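Below is one structure; the comments refer to it alone.
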Amino acid sequence: MNAVPAAPQGPASHGPVSHDPSASHGPAPHGPSASQGPAPGSAPGSSPVAARERGILAAPPELTGAVTHSRLRRGRRRRLVVLVLAALIAGVFLLTLMVGQTFYPLDQVVRVVLGEDVPGASFTVGRLRLPRAMLAVLAGACFGLGGVVFQTMLRNPLASPDIIGISSGASAAAAFAIIMLSMGGVQVSIVAIAGGLGVALAVYLLSFRGGLAGTRLILVGIGVAAMLDSVTAYVLSKAPQWELQEAMRWLTGSLNGAGYGTVMPVLVALAVLGPVLLSQSRALSLLRLGDDTAAALGVRTERTRILLIVAAVGLIAFATAATGPIAFVAFLSGPIAARIAGPAGSLLIPSALVGALLVLVADFAGQFLFGLRYPVGVVTGALGAPYLLYLIIRTNRTGGSL
Amino acid sequence: MRVLWLLLAAVLTALLGAASLVIGSREVPWTDVLAALQGSADNLNQAAVTKRIPRTVLALLAGAALGLAGAVMQGVTRNPLADPGILGVNMGASLAVAVGIAWFGMFSYTAFIWTAILGAAVTAVFVYAIGSLGRGGATPLKLALAGAATSAALVSFISAVVLPRADIAQSVRSWQIGGVGGAGFEGIGRMLPFLIAGAVICLLAARPLNSLALGDELAAGLGERVAVARAAAALGAVMLCGAVTAIAGPIGFVGLVVPHLCRLLIGVDHRWLLPFSALTGAALLTASDVAGRIIARPEELDVGIVTALVGAPFFIYIVRRQKVREL
């Protein structure tokens, strides 16, 4: 979105700047996603920039035209993807409201959602299914947004909050608060957020040594995550057996027992922190060029980064406090969004939508597909794991940004 | 000098083993400890010590095996961050055992051990293959990432396998933390042949590992069959981790910390490093077990939690050093 408006009259001064992040570096996954787009347009898309920098060409009009054209096309594709994703979410959302132990036809469901009182359906749909579906969408969007911010900022698809320990921190804190301190409700959210932020800060400081190296941060995060996971395991081993279902939530994430009370904090967090992140999307895509370049282009790198981290961690922690760390959603949303939306523009909104769709579909599948009710985190974990490994293989083989 | 360090480590290990018999939620005088060691279980004190004996033996054996396996893995991959826990090998063994219990109704220790070794081997090959793809071969970062990601994936699979079985969920969950508390001599006895075989393979691999440390080309030039040496050493390490994981659950970070400490004290010659790592590993795991009993008195912390709390900061320290040095 931010790349498109610059295009039509984009003279040499502005063109390369807004173009570069999308074309040459590409978002999280690389290679195929760029070439599978408009191949004739995007490959030469970077060459006039490079040529211009070398001063060989003075941007012949037909090339500028090609760049403009391909950029417009990618913008269109991105809008189309966003629309399709939103439509899919709406469709699955309604489906989860209709299908269950009892089937309710669409018109009844719609009437319940609009606030009418329908005998029977009002309780099942309005009290049970609606908050659950809402929580799925909201938490998924939070995980997707938080994940893609980290992945973009650290320029590594593997640097998602669930790998570098932030989800583990929020989860360990929440489990501790519930089981050891017998807290509930908003208190748990607060503790989880404190835990997530504390871990993020610790990882950041521990890996800061004469500048920030993404690789060091990831490795430090892995170490911290291992430590926190063992804390969670210890806390859970103290939990009485009949709390096993509840305990599983803090290991894998689950939407069981969702009510409006758990939905509200997540909704507020998304409504407040989401726009903060979106307002920084341009700075975020510039940070991807590296600190020095971003600073030269007018981004206050440290301040922006801290703002981004706080907002992203806040989203992750609020969602984790409500649902537990739903495995791999933060990790998967960004790369999937990048593949389907193409490399143009900001990935924030597509990733949020992909995250929401993932959680919604996985929860639906976990409830009804396997004959036995799996919590949503087990489904995303089991389905996400092969994709994760595929992603690592591809990242390693292409050399990627590692 | 090396002999001195080795003796020191042996004395330390023996002391810690004794401490593990004496220290616990019940205070036991020395006379009762000695009596219990001679097989008597007349009063409560002696009975308590009798319960501590297999646990101490398991801690010593498991620690030695994990320390040795860690040293070999770091040698094989020439990677300072290699560790059975970080590379996901222990988690692979866990998944295999969980599948065996939940789907095939396995219950004998021998079956556990074979399954665990199989799972560990598959995971080790898998992680190493993923980590060494692409430019630069198996760099520390790529291996650690591949291992961490694989671990995360395996944990999800374990949840998916165990969850439908409420009857086994509790026992699998407590086993999965990693502890030596529930040990009995039967399990230890079944584990022992595998440990001995693995240890012999690893110790025989000491000289090839020294050549491998010079780089593959040079090692081949010195007449080493690089692939064979690497595969054999890795097999030994995998047997050790698999057998330990089957009995004690996945215990992380011992294999990471111990070889680094040992290398500081005794140098990089694997012929000395490997036995020394085994001794120090036994000392570390026993110490962690004792510490877990002291910290949370009168309850106890599982040893897997203690080693993670001790080992993870050490891991971070290694990562933070200016550059992650190739071994």
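The values are calculated or read from the model by the stated rules, or taken from the named source; none is laboratory data. Note that the structure is predicted; figures quoted are calculated from it, not measured. Cβ atoms come from the backbone with ideal geometry, glycine included; neighbour counts cover every protein chain shown. All accessible areas refer to the heavy atoms of the entire protein, side chains included, with ligands and DNA or RNA removed. Shrake-Rupley method; radii C 1.70, N 1.55, O 1.52, S 1.80 Å.
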With the structure loaded, tell me whether B:ALA206 is of a type in the set (Gly, Ala, Ser), modelled with pLDDT under 90, open to solvent by 30 Å² or more (accessible area, probe 1.4 Å) and touching a helix residue (DSSP H, G or I) at 6+ places or on another chain (Cβ under 9 Å) or whether it fails that test. no
Some residue of region A:160-176 being more than 14 Å from chain B (Cβ to nearest Cβ) and either within 14 Å of the chain's Cα centre (by Cα) or open to solvent by 10 Å² or more (accessible area, probe 1.4 Å) (or both): yes
Can you name every residue in region B:169-197 that is at pLDDT below 80, assigned to a helix (DSSP H, G or I) and either in contact with an Asp or Glu (Cβ under 9 Å, 6 or more places away or on another chain) or open to solvent by 20 Å² or more (accessible area, probe 1.4 Å) (or both)? B:GLN170, B:SER171, B:ARG173, B:SER174, B:TRP175, B:GLN176, B:ILE177
Could you check B:LEU214 against (1) open to solvent by less than 50 Å² (accessible area, probe 1.4 Å); (2) at pLDDT 80 or above; (3) out of contact with any helix residue (DSSP H, G or I) (no Cβ under 7 Å at 6 or more places or on another chain) and say which number it fails? (1)
State yes or no: is A:SER285 assigned to a loop (DSSP other than H, G, I, E, B), within 18 Å of the chain's Cα centre (by Cα) and buried (at least 21 other Cβ atoms within 10 Å of the Cβ)? no
Within region B:129-168, of all residues that are at the interface with another protein chain (Cβ under 7 Å from one of its Cβ atoms) and in a loop (DSSP other than H, G, I, E, B), the one most open to solvent (accessible area, probe 1.4 Å) is B:ARG135
Residue hits (region A:357-395; among the hydroxyl-bearing types (Ser, Thr, Tyr), surrounded by 21 or more Cβ atoms within 10 Å (Cβ to Cβ) and more than 7 Å from chain B (Cβ to nearest Cβ)) are A:THR380, A:THR395
All positions within region A:148-157 that are outside any loop (DSSP other than H, G, I, E, B) and at pLDDT below 85: A:MET153
Of those in region A:333-347 that are of a type in the set (A, V, I, L, M), open to solvent by less than 10 Å² (accessible area, probe 1.4 Å) and under 11 Å from A:GLN151 (Cβ atoms), the residue modelled with the highest pLDDT is A:ALA337
Residue list for region B:310-321, restricted to those being open to solvent by 10 Å² or more (accessible area, probe 1.4 Å), more than 7 Å from chain A (Cβ to nearest Cβ) and assigned to a helix (DSSP H, G or I): B:VAL310, B:PRO313, B:PHE314, B:TYR317
Is it the case that B:PRO250 is in contact (Cβ under 8 Å) with a residue 24 or more places away in the chain, open to solvent by 10 Å² or more (accessible area, probe 1.4 Å) and in a helix (DSSP H, G or I)? no
Is there any pair linking a residue in region A:127-147 that is part of a helix (DSSP H, G or I) to one that is of a type in the set (Ser, Thr, Tyr), with Cβ under 6 Å and at least six apart or on different chains, and which? A:PRO131/A:TYR260; A:ALA133/A:THR96; A:ALA139/A:THR323; A:GLY144/A:SER333; A:GLY144/A:SER351; A:GLY147/A:SER160; A:GLY147/A:SER333
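Residue-wise test of (1) within 20 Å of B:ARG293 (Cβ to Cβ); (2) surrounded by 13 or more Cβ atoms within 10 Å (Cβ to Cβ); (3) of a type in the set (A, V, I, L, M, F, W, C); (4) touching a residue at least 60 places away in the same chain (Cβ under 8 Å).
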site	(1), (2), (3), (4)
B:MET1	no, no, yes, no
B:LEU12	yes, yes, yes, yes
B:ILE23	yes, yes, yes, yes
B:VAL28	yes, yes, yes, no
B:VAL33	yes, yes, yes, no
B:LEU44	yes, no, yes, no
B:ALA47	yes, yes, yes, no
B:ILE53	yes, yes, yes, no
B:THR56	yes, yes, no, yes
Test A:ALA330 against the stated conditions and say whether it is among the hydrophobic types (A, V, I, L, M, F, W, C) and more than 16 Å from A:THR152 (Cβ to Cβ). no
Return the residues of region B:292-322 that are under 14 Å from A:SER230 (Cβ atoms) and without any contact (Cβ under 8 Å) to a residue 24 or more places away in the chain; say none if nothing qualifies. B:GLY292, B:ILE295, B:ALA296, B:LEU301, B:VAL306, B:LEU309, B:PRO313
Just to be sure, is A:GLY261 surrounded by fewer than 16 Cβ atoms within 10 Å (Cβ to Cβ), of a type outside the set (Lys, Arg) and outside any helix (DSSP H, G or I)? no
Of the residues B:THR280, B:THR286, B:THR245, B:THR307, which is in a helix (DSSP H, G or I), open to solvent by less than 40 Å² (accessible area, probe 1.4 Å) and within 14 Å of chain A (Cβ to nearest Cβ)? B:THR307
In region B:111-128, is there at least one residue being under 22 Å from A:TYR387 (Cβ atoms), within 7 Å of another protein chain (Cβ to nearest Cβ), touching a helix residue (DSSP H, G or I) at 6+ places or on another chain (Cβ under 7 Å) and at pLDDT 75 or above? no
Please verify whether region B:219-237 includes one or more residues that are part of a helix (DSSP H, G or I), at pLDDT below 85, open to solvent by less than 40 Å² (accessible area, probe 1.4 Å) and within 11 Å of chain A (Cβ to nearest Cβ). no
I need the full set of residues from region A:158-183 which are in a loop (DSSP other than H, G, I, E, B), over 20 Å from A:ILE222 (Cβ atoms) and hydrophobic (A, V, I, L, M, F, W, C), in order please. A:MET180, A:LEU181, A:MET183
For region A:101-125, how many residues meet the condition of being assigned to a helix (DSSP H, G or I) and either open to solvent by 10 Å² or more (accessible area, probe 1.4 Å) or modelled with pLDDT of 90 or more (or both)? 10
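Let's see how each residue does on (1) closer than 19 Å to A:GLY324 by Cα; (2) in contact with a Pro (Cβ under 7 Å, 6 or more places away or on another chain):
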| position | (1), (2) |
| --- | --- |
| A:THR96 | no, no |
| A:VAL99 | no, no |
| A:PRO119 | no, no |
| A:ILE166 | yes, no |
| A:VAL186 | yes, yes |
